[in-house]
1. Net charge around Lys222, counting only other residues with Cβ within less than 14 Å of its Cβ (Lys, Arg = +1; Asp, Glu = -1)?
2. Across the stretch 153-239, how many lysine pairs separated by 8 or more positions, or lying on different chains, have Cα atoms within less than 27 Å?
3. Kindly rank 185-192, 75-82 from highest to lowest mean number of other beta carbons found within 10 Å of each residue.
4. Of the heavy-atom accessible surface of the stretch 191-242 (probe 1.4 angstrom), what whole percent is carbon and sulfur?
5. Viscosity 1.306 mPa s, temperature 10 °C: what is the translational diffusion coefficient of the stretch 114-159 from Stokes-Einstein with a Kirkwood Rh over Cα pairs, rounded to a whole number of µm²/s?
6. On a C-alpha basis, how far is the centre of the stretch 208-284 from the centre of the stretch 63-83 in Å? Whole number, if you could?
7. How much net charge surrounds Arg234 when only the other residues with a Cβ under 11 Å from the Cβ of Arg234 are counted, with Lys and Arg +1 and Asp and Glu -1?
8. Which aspartates and glutamates does Lys143 reach when only Cα atoms under 16 Å apart count, and residues fewer than 8 places away in its own chain are ignored?
Amino acid sequence: MPNSPKEGTVWTVPVGKHNTAMGKLFNNLGDQGASIITQLDEDDRFNKATADFMRRRGIEPSIDQRIAHAYMGKNYWGPEDWVATHGGIYTKKQLRELAHFPWNEEVLMSTCPLCGKTVRDCHFAHVGLETIQGQPLSIVKFKEFYPETGQPKFYAYANAWYNDNDFAKVTTLSPRWYLTHIEIVPKSENKTTQDQQAMLPAEYELPLAIEETVKSFHCVRKTGSYPNPKRYARCRDISSDGFRVRVGRFGSGGFRVDPCSDALCYGNLGAGASRKYLIQTSNT
């Protein structure tokens, strides 16, 4: 056992609880227990797969989710990713509702009306989560999972201008699927908010700042690439001072969340884009 066990590891569990849990597990292994324990010790791949299953609390993707994941590849973040990575919790009802992925093969394999690529190659499919550790999973809360001592990180923390704004401390993602364009909309720079919105096809809208933020960080975790490293994505949130919210510029200084006027036209400010979620229309 480590001399100073890290908080949250198995070494911090009381001995009695640890022994009881292990006893139940070993009993459930039955007459295969010896071979399984041996394989855990000798087969690193099996050991990792078992640990991954336990970290995601036994959540298994639905058939719909498996198909979506197969199409999206690394551009995918499901309920099991929230659970395994950040300790998120979903109710059984939420998991049942999330079992259906709302965009079918025809949509994912179609040509993106925003950039001309295939939708699956230029979008990030991810699921929302409203609360974590008993608190709203807002931008302010999300920052706790990406401290300023690591990478990726935010540009500002305790002194961030937006910490008391509702869009950053109250607004969360609903527990449903999102399909968000990874980069800003091509040729949407140097335009007002109204002009950028007019560029978007009927099936798209400006994303929430929390959506664009979570997508960006999870995209880095899954793909290793930083979306919009030198550009902002304009979002549909309004700050308490009446300014539009823009996020991005994922450079070495960290991910920025800044205000701007709707009239601002700038070369590094484009439109974010999110596919609209239509509950009654699974083929949209």
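The values are calculated or read from the model by the stated rules, or taken from the named source; none is laboratory data. Values in this document were obtained by computation on a predicted structure and should not be read as measured data. Methodologically, a virtual Cβ is constructed for each residue, glycine included, from the backbone with ideal geometry; neighbour enumeration extends over all protein chains shown. For accessibility, only protein heavy atoms count, side chains too; no ligands or nucleic acids. Shrake-Rupley method; radii C 1.70, N 1.55, O 1.52, S 1.80 Å.
1. Values: positive: Lys74, Arg120, Lys215, Arg221; negative: Glu80, Asp81, Asp121.
Value of the local net charge: +1.
2. Lysine pairs, 8 or more places apart or on different chains, close enough: 14.
3. Values: 185-192: 17.5, 75-82: 22.9.
Peptide ranking by packing, descending: 75-82, 185-192.
4. Values: 930 of 2080 Å².
Of the solvent-accessible surface of the stretch 191-242, carbon and sulfur hold 45 percent.
5. Details: Rh = 13.3 Å.
Using the Kirkwood radius from Cα pairs, D works out to 120 µm²/s.
6. Cα centroid of the stretch 208-284 versus Cα centroid of the stretch 63-83: 21 Å apart.
7. On the way: positive: Lys191, Arg231, Arg236, Arg244, Arg246; negative: Glu189, Asp195, Glu212, Asp237, Asp258, Asp262.
Here the charged neighbours net out to -1.
8. Cα-Cα hits under 16 Å: Glu130, Asp164, Asp166, Glu211, Glu212, Asp258.
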